[in-house]
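What follows is a single structure, written as structure tokens, with notes after it.
All of the numbers you see were taken from the coordinates with simple rules; none came from a lab. Please read these numbers as outputs of a predicted model, since none were measured by experiment. Glycine gets a Cβ as well: all are built from the backbone with ideal geometry, and neighbour counts include every protein chain shown.
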């Protein structure tokens, strides 16, 4: 009965058009009434405590770093450097897109910001070079969702804060899956453009290549600083967000001289708006998370899925299917905030490594950004690149299947992540 009230109140509030944060609060009130512990003061206290989290301070700083990266010219120089190195290969702009997506992902942690930057820079170039625009836009969208998986991932910060899992360990664990996603996109791009890719562009002169690499050097140094700093304990993930934002601002203002006071103001304002939405969602979700525990919903789910507890791989596959289905209807952040407190007791009861589960869980939610009807990354590509949604959906399908195949492989064969994770630790 408790599970039914939880689902009915949440879906009912959303069906009425209520924003997700308020729907979560309504769900919390419904559970409080059901278990007969309604107290407005407790509700307010949990709302405040939900946002009062040190690890969550990383979110606004990484969002700001992403905005400053685009405003300060870092994204454009990374694209130019990769383009000068492999742009002459047949279908080279596609490979440029994937490698650039991986580099940008290691700077911002935001799929929306990275996809917008990639689409603005590369879709006009790919259209002019004669590439299939729908397929190109689909590749850029699929490349954009690498950002929530590799460090510094905002999704991993959210999951770690809600689940009580080390964000530093999640960051390190996300490296191999992110690289595998990028490799799957490269192989798929090679396969789909074997016959109809435009002729290769002229190879850049050695002087041009050296100049573009030199100019992008400061931008490419930032991911190394963040990953090495977190890996060796120089700073925490939250402090890494501050380092990323400060470095992006200094590089954009002093090294590239493109970050003006006006752009700094606009970037800070944009990051503040998104941060406010995310933090309010987290605060509202913590109300539901606390009441989910009080109402013993995890115990009911454990009893329901008891036959699968003894088979961690089977349970992982079942949970990933559930997340994949939910991800088609809900956006990235709400899915993480709603499902994390529900699924984590099952993960611990089955003896599954929480870090391993967390990375695959976030990867699954990232894939949901490519699936209609929500598919926010698809909407970004369409609006920025001026491409019809039907074209993008057709174009993204091969890459969506490739990244889903990586998710399935890592769910069935956990050692693909766990063995490299032990080495990286």
Inset, instruction - Springs between alpha-carbon atoms under 10 Å, Gaussian network over the chain: tell me which of 113, 205, 81 tops the mean-square fluctuations. - result: 205
Inset, instruction - Express in whole angstrom the spacing between the alpha-carbon centres of segment 334-400 and segment 114-150. - result: 17
Legend entry - Most mobile listed residue (395, 72, 351) in the chain, GNM with C-alpha springs under 10 Å: 351
Inset, instruction - Using just the helices of the chain, give the 222 nm mean residue ellipticity in deg cm²/dmol: DSSP H runs with n ≥ 4 each add -39,500 (n - 2.57), and the total is spread over all residues, rounded to 500. - result: -25500 deg cm²/dmol
Inset, instruction - Within 10 Å of each residue's Cβ, count the other Cβ atoms and sort 238, 260 from fewest upward. - result: 260, 238
Legend entry - Highest-fluctuation residue, 121, 156, 11 considered, GNM on the chain with Cα pairs under 10 Å: 11
Inset, instruction - Let me have the relative contact order for the chain, percent, based on Cα pairs under 8 Å that are six or more residues apart. - result: 27
Legend entry - Relative contact order of segment 71-135, pairs being alpha-carbon contacts under 8 Å that are 6 or more residues apart, as %: 26
Legend entry - Diffusion constant of segment 199-266 at 4 °C, which comes from Stokes-Einstein with the Kirkwood Cα-pair radius and 1.567 mPa s, µm²/s: 92
Inset, instruction - List 308, 22 from most exposed to least, where exposure is judged by having the fewest other Cβ atoms within 10 Å. - result: 22, 308
Legend entry - Fewest-first ranking of 331, 114, using other Cβ atoms within 10 Å as the exposure measure: 331, 114
